[in-house]
Every structure is written in C-alpha cells, then in structure tokens.
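Worksheet: the structure to be examined is printed underneath.
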Amino acid sequence: MAAVRVQRDILPGFHWALGYSLLWMGVIVILPLIAVFARGLADGIEPLVRVALSERAIAAYKLSFGAAALAALINSVLGVLVAWVLVRYRFPGRQLLDALVDLPIALPTAVAGIALTALYASNGWIGQWLEPLGIKLAFTPGGVVLALMFIGLPFVVRTVQPVLADLGRSVEEAAATLGAGRWLTFRRVILPAIGPALLTGVALAFARGVGEYGSVIFIAGNMPYQTEIAPLLIVIQLEQYDYVGAAAIAVVMLVVSFAVLLAINLLQGWARRRMGGRL
Amino acid sequence: MSSLLAQDVASETRGVRAVLIALALVVLLLVLLLPLVAVFYEALRQGFAEYFAAVLEPDARAAFALTLTVAAIAVPLNLLFGLAAAWAIAKYEFRFKNVLITLIDVPFSVSPVIAGLIYVLLYGAHGWFGPWLQEHDIEIIFAVPGIVLATTFVTFPFVARELIPLMQEQGRHMEEVALSLGASGWTTFFRVTLPNIRWGLLYGVLLCNARAMGEFGAVSVVSGHIRGETNTLPLHVEILYNEYNFVAAFAVASLLALLALLTLAIKSFLEWRHADALAASHRH
C-alpha cells in the first residue's frame, strides 16, 4: 500500500464533483437503461425473441433503419453542398442562412411533424403539385424519409462545416497547378479530407433518425407493416400494457444505437488523427 | 498578382458559384424554412381572434404552465450535473475518464420513446418500484414527476458537453493561482471559474431549455395525456391536431416555433459576440 502515495491536490472538490456526477448519472441514465435489458430478458430469451423478431417488428425496423439510412444518404449530399456554400462563398443573407441550419434542432419535433404534414398532404402547398405527377409523400414511407431529412440535415452540415473551414487552400492550389479541374480537385483532394467528418455527420443523422418519433408519426400514416416505425411499435406495446414486448423492441433498438455510437466514437478518433490533432 | 492568380485557380467560376449558392438556397428554404412558414400561416388562417382564442384557452394555458414548470426543474438539475461533471473531467486526471465522457452522451443516441419507456419500467404500476410507490401513494408515471424525469433524461448531456471542452481548453491554472493567493474553494469557483465559463454555460442552458420545453416522444410515453393536468405544450399540439382542430393545433405550435426562433437568435448572438468564450467547435 505504501507504493500508492496520494498527493493532495490543491484544487478542491474532485471527489464531491465526480461522486455527484456518477450518482446523478446512475439514477437518471444507467439504472433506467439496465431496467430495460432486465425487463426484456426477465422471462428468458424466448419471449424477447418472439416479440422482437415478430413479422410486424421486423417490418418496423426495416422502415426505421431503411428510412434513416436513405435520409442520411440524401443529407450527405445536401449537407456538403450547404456547408460548402456557407464556408466558401460570401453573399447577402449568408449569416441568416447559417443560423437557419440549426432550426431542426431548436424546433420541437411535434411542430415539425404537423408542419411537414400540412405541406406534403395532397392539398398542401407542395403536395398539391406532386400529386398530379403521381408522387405521394404524406402517409407513405417517403414521408418518413422526408421528416428524417429535416431532422438530420444540421448534423451533417455542422460536422462538415468546421473541417471545411480549416482546410488549407494550398493543397487545392497545388492540385490546380498540377492541372486538376475544380471537380477533380473536389473529388480527389477535398472529399477525402472531409471524409471522416462527413461519415461522422451521416452516422449522427442516422442515429437520430432511427429513434425519431415526434416529427415522423404525423406524416407517416402509421399503418402496421407499411408505415409503422419501431418507436411507435414500442408505444403501442406499452398502451396494451405489454411491458416485456415494449422492452424487447427497445433492447433491439438500443443495441443498434450503441453500436452506432461506438462507430461514431471510432470515426471521430480517426478524424482527429487525420486532421493531425487540429480538431 | 500572385495572390489573384492563386484565388482564380483554387476557386470556381462565377457561374458555378451562382448555381451552387442557388441550389443551397433552394435546399435550405424548401427543407427548413417552408415548414416554419407553414406553422404561422396555418395558425393565422382564420385571423388573429381565432389565434388568440386558441392560445389563451384554459387547457392551452395549463399546458404552457406545465411546460414552464418542467423546464424550470429539469434545466437546473442538468445545469448542476453539467458543472459537477465538467469540473471533475476538465480539472483532474482519473482512470476511465473517456468512458465517462462517452456515457454522458448516451441519452442523445437513445430514442425519445425509449427515454420514456425506461421510467415506466421502473416507476409504472407494473414497474420495479411500482408496488412500493403505490403503497406509499406516490405518483410518478402519468404525473408531473415522470414528465420531469423523462425531460431530464433527454436533456441530460446539453450543459455538460458544452462545458467539458471549454473548461479543458481553459485548464486549471487560474484556479490554482486564486487558491495559492488564499481564496477558498467556493470563492475560487464563483469568482474565477464561473465568470470564465458564463457564456458557454448560457449556451448549454439555452439548448437544454429549448429541448426541455419542446420534448415530445419521451414525455408522451410517461404523461398519460390528462388535459389540464399532465399535458405539456407539445402534447397539447398533438391532441388538438388529432381532434382535427388544426387552427388551434398550429396556433399552439406557433408558440413553440417562436421559442425555437428566440433560441436560435440568442445562440447566433452568442456565437457572434462571445465566440472567444465558447468552446472551439462553436467559433465559426
């Protein structure tokens, strides 16, 4: 024991601060999350598998994960475009647009949900123009993708933006003097440099989209097997007092969420190394 | 001349620029701005009299009061946690620090519905502590304490994740100087640390508050939707909407949209005016 010499720290409050943080986190986050796993597995693995892998649940995962992936993919293009224009060009109203990017984070999801539904319903501002073209978005899986695009855009823009701003122009100039056009330079020089940040942003948007509820349920239509998202299925199980069923679907979603969270952490580590510690 | 040349080879032609700006403009206006405009348009569709009637009606007022109450409890709780966690993480070295930082972010990657579910599983009638709570006549689920808990969960990381990088950048030098000059721990905290982090703190509290007042999914699971009692503003929007009372639904929604706009305005102001006092990631 003598080998462990505790040096008294001049700065007070370490034990108090850490102890309080851990206690509060235990009560609010850790203990409740353990409860989900315990409850889902309370009657053994069989009931969990029966509900979590039922046909209806699988249809719901397919929609939630599929729509979140598609929305994140679309946002990767739109997000880079918006980040590029905000970082590289100066034009009137740029700062206002920059502030607007965070709107989906600040706007309550239920408000976004009813607003998007009003826009894309068959008599809505946009819906009435799409309907003659045979495109229906509200109350279809397309509506789910649309809501998740709205929710996810800021995540991509905000992760790409600072990396793009920090990118030295000299490499681009070097590419140009070597005869590369702008498009080639973008693909071969800029895109690889912002790649890790872009992937992180896409992963963040995907993670958020998978669990999203408020903005989706209004526009989705909520038809079992067709437009029913996984979080809604949890709500339905709860309304029928099927706690094990609700916990079972939650366990599946949590496992996927934690896997994505882990991936995001690894990506950020990679991005930091790529940027030479400048992030 | 050389700088002019460099500019030319490493940037796009005027035409490409204009097209890209126009495209970005269309994306932002179509995807982000139009829904916001739609909220106010639908809310005012039948004039201001209808609008104010919907906003001032007793159930809406009760929902407004509950939303303020819940935020007034959840935000200070997370403020306290954020300060404690950031103090421990930024000012000291200890084992498993990175694990702790990752765990703080967990609520952001959990579906809001699951954020509500976890408390039902603990404190609901059939939950772990349900029977005990019933014996002692304590209501948590389908009552205000449950709404506060769920809101605290979803807003848990906001203040901490704002303060940790900021306080890490600032280090512990200033505090050490104050302490060596004879200031007590609390004096050092209030006179040295707090003034240094105030704008970052405000930034975190601002975002925390916006989410606390606007949370829908988590609150919806634990609320029980009792009008005038356990109905927050976002839940009230849903009830009105499902009753096909669209003007009232959008009128109440417009209050939340105004809150979002106010939040964005203050956030932009902080980023513009106090950029040096915010964590590096917000200085653009």
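The values are calculated or read from the model by the stated rules, or taken from the named source; none is laboratory data. Values in this document were obtained by computation on a predicted structure and should not be read as measured data. Methodologically, a virtual Cβ is constructed for each residue, glycine included, from the backbone with ideal geometry; neighbour enumeration extends over all protein chains shown.
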Determine, yes or no, whether residue B:138 is of a type in the set (A, V, I, L, M), over 24 Å from residue B:97 (Cβ atoms), outside any helix (DSSP H, G or I) and away from chain A (no Cβ under 13 Å). yes
Hits in the stretch B:162-209 (condition: β-branched (Val, Ile, Thr) and within 13 Å of chain A (Cβ to nearest Cβ)): B:164, B:177, B:187, B:188, B:192, B:193
Would you check if there is a residue in the stretch A:179-197 being in contact (Cβ under 8 Å) with a residue 12 or more places away in the chain, in a helix (DSSP H, G or I), under 16 Å from residue B:108 (Cα atoms) and more than 10 Å from chain B (Cβ to nearest Cβ)? no
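Here is a yes/no grid of residues against (1) away from every other protein chain (no Cβ under 12 Å); (2) over 22 Å from the mean Cα position of the chain (by Cα); (3) in contact (Cβ under 8 Å) with a residue 24 or more places away in the chain:
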residue: A:12; (1), (2), (3): no, yes, no
residue: A:37; (1), (2), (3): no, yes, yes
residue: A:55; (1), (2), (3): yes, yes, yes
residue: A:112; (1), (2), (3): no, no, yes
Residues located in the stretch B:210-230, provided they are of a type outside the set (D, E, K, R) and more than 8 Å from chain A (Cβ to nearest Cβ): B:212, B:218, B:219, B:222, B:223, B:224, B:225, B:226, B:228, B:230
Return the only residue of A:205, A:193 being in contact with a Leu (Cβ under 8 Å, 6 or more places away or on another chain), under 18 Å from residue A:77 (Cβ atoms) and surrounded by fewer than 22 Cβ atoms within 10 Å (Cβ to Cβ). A:193
With criteria (1) more than 7 Å from every other protein chain (Cβ to nearest Cβ); (2) surrounded by 19 or more Cβ atoms within 10 Å (Cβ to Cβ); (3) part of a helix (DSSP H, G or I), residue A:137 comes up short on (3)
Tally time: how many residues in the stretch B:90-107 are touching a residue at least 40 places away in the same chain (Cβ under 8 Å) and more than 8 Å from every other protein chain (Cβ to nearest Cβ)? 2
Every residue from the stretch A:114-127 that is part of a helix (DSSP H, G or I) and without any contact (Cβ under 8 Å) to a residue 24 or more places away in the chain: A:115, A:118, A:119, A:127
So which residues in the stretch B:136-170 are surrounded by fewer than 17 Cβ atoms within 10 Å (Cβ to Cβ), touching a residue at least 60 places away in the same chain (Cβ under 8 Å) and not polar (S, T, N, Q), if there are any at all? B:169
Any chance the stretch A:118-126 includes a residue that's within 11 Å of chain B (Cβ to nearest Cβ), buried (at least 24 other Cβ atoms within 10 Å of the Cβ), within 19 Å of the chain's Cα centre (by Cα) and on the phi < 0 side of the Ramachandran plot? no
Which one is nearest to the other protein chains (Cβ to nearest Cβ), of the residues in the stretch B:231-244 that are without any contact (Cβ under 8 Å) to a residue 12 or more places away in the chain and either over 25 Å from the mean Cα position of the chain (by Cα) or closer than 15 Å to residue B:56 by Cα (or both)? B:242
Among the numbered criteria (1) more than 26 Å from residue B:42 (Cα to Cα); (2) facing chain A (nearest Cβ under 10 Å); (3) touching a helix residue (DSSP H, G or I) at 6+ places or on another chain (Cβ under 8 Å), which single criterion is violated by residue B:269? (3)
Would a scan of the stretch A:117-127 turn up a residue that is of a type in the set (A, V, I, L, M) and closer than 17 Å to residue A:208 by Cβ? no
Restricting to the stretch A:225-239, and then to whatever is more than 22 Å from the chain's Cα centre (by Cα) and of a type in the set (A, V, I, L, M), can you tell me which residue is surrounded by the fewest Cβ atoms within 10 Å (Cβ to Cβ)? A:236
Just one of A:147, A:138, A:176 is at pLDDT 95 or above and over 18 Å from residue B:281 (Cα atoms); which is it? A:147
